[in-house]
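For reference, the structure is listed below as structure tokens.
The values are calculated or read from the model by the stated rules, or taken from the named source; none is laboratory data. Here the structure is a predicted model, which means the values were calculated and not measured. Counting neighbours? That spans all protein chains shown, and the Cβs are built from the backbone with ideal geometry, glycine included. Quick note on the areas: whole protein, heavy atoms, side chains included, nothing else; ligands and nucleic acids left out. Shrake-Rupley method; radii C 1.70, N 1.55, O 1.52, S 1.80 Å.
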Amino acid sequence: MDIQIEHLDKAYGENQVLKDFCAVIPEEKITCIMAPSGKGKTTLLNILLGLEPYDLGRIQGLEGRKKSAVFQEDRLCENLSSRANIRMVRERKISGSREFSQKMEEGLEALELKEWGDQPVRELSGGMKRRTAILRALMADWDILFMDEPFKGLDIETKKKVMDYVKRECYEKTVVLVTHDSEEAKEMGAEILVL
């Protein structure tokens with residue numbers, strides 16, 4: 001089911017961030033939300049995630065759908081390892097299964113994290129933390145994935161590998177991606193939604 005956003009308004013005091021905003025986010029596709037800084041991309045994402053209330057309008061198509069997210073900040077548990085952070089998003093009986101472990105190890109390998117997978121996250125570089133946050137979101141149980149500037153801080157070569165992996169894992173799934181970078185949107189094969 002597509003996500004339908006109808007006549008959405010959101011203001012913070014005098015600052016009107018979204019005004020009469022309408023859009024359709026298609027199911028089983030990657031949609032890229034683009035706009036200059038301060039135009040409401042993160043606010044819209046937070047509204048769709050249910051983290052932020054909106055003032056007026058209607059949103060349909062999110063009812064009963066499981067959500068996962070990559071935020072602008074990594075939001076990892078710094079004392080835990082990458083593997084422990086990833087396992088945390090699933091119930092123990094699933095995260096302890098052979099199938100989950102195998103998929104996680106494949107992800108760690110693809111994102112070049114495997115040899116550091118047991119180190120506390122606080123000891124990892126910014127790019128490694130970013131990749132851990134992306135893999136954790138992908139390994140959660142989700143129907144819709146929200147990603148807010150997920151590839152920031154990654155060098156060009158690493159970004160390409162990460163984007164290829166995300167594309168494979170998100171094939172025919174519903175993804176909402178916020179970025180400033182039109183090249184990222186093109187690389188991800190995303191439909192573009194301009195705020």
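Annotation note: of S97, S101, the sole residue that is surrounded by fewer than 16 Cβ atoms within 10 Å (Cβ to Cβ) and closer than 30 Å to E63 by Cβ is S97. Filtering region 1-41 to residues that are modelled with pLDDT of 95 or more, farther than 13 Å from D55 by Cα and of a type in the set (G, A, S) leaves only A23.
Of all residues in region 174-190, exactly one satisfies the criterion of being acidic (D, E) and open to solvent by 80 Å² or more (accessible area, probe 1.4 Å), namely E183.
Here Y171 passes the criteria (1) aromatic (F, W, Y); (2) surrounded by fewer than 14 Cβ atoms within 10 Å (Cβ to Cβ); (3) over 18 Å from the mean Cα position of the chain (by Cα) except the one numbered (3).
Within region 82-111, can you find the residues that are in contact with a helix residue (DSSP H, G or I) (Cβ under 7 Å, 6 or more places away or on another chain) and either part of a loop (DSSP other than H, G, I, E, B) or of a type in the set (A, V, I, L, M, F, W, C) (or both)? Scanning region 82-111 gives I86, V89, R90, I94, F100, M104, L108, A110, L111. Return the total of residues in region 130-158 being in a helix (DSSP H, G or I) and open to solvent by less than 40 Å² (accessible area, probe 1.4 Å). Summing the residues that are in a helix (DSSP H, G or I) and open to solvent by less than 40 Å² (accessible area, probe 1.4 Å) in region 130-158 gives 11. Selection of region 104-127 for residues being open to solvent by less than 30 Å² (accessible area, probe 1.4 Å) and among the hydrophobic types (A, V, I, L, M, F, W, C) yields M104, L108, L111, L113, V121, L124.
Here is a check on your reading of the model: is K161 free of Cβ contacts under 8 Å to residues at least 40 places away in the same chain, surrounded by fewer than 18 Cβ atoms within 10 Å (Cβ to Cβ), charged (D, E, K, R) and more than 14 Å from V70 (Cα to Cα)? Judged against the criteria, K161 is not a match. Among residues of region 112-129 being without any contact (Cβ under 8 Å) to a residue 12 or more places away in the chain and outside any loop (DSSP other than H, G, I, E, B), the one that is farthest from P150 (Cα to Cα) is E115.
When region 28-58 is filtered for residues that are open to solvent by less than 70 Å² (accessible area, probe 1.4 Å) and among the acidic types (D, E), only E52 remains.
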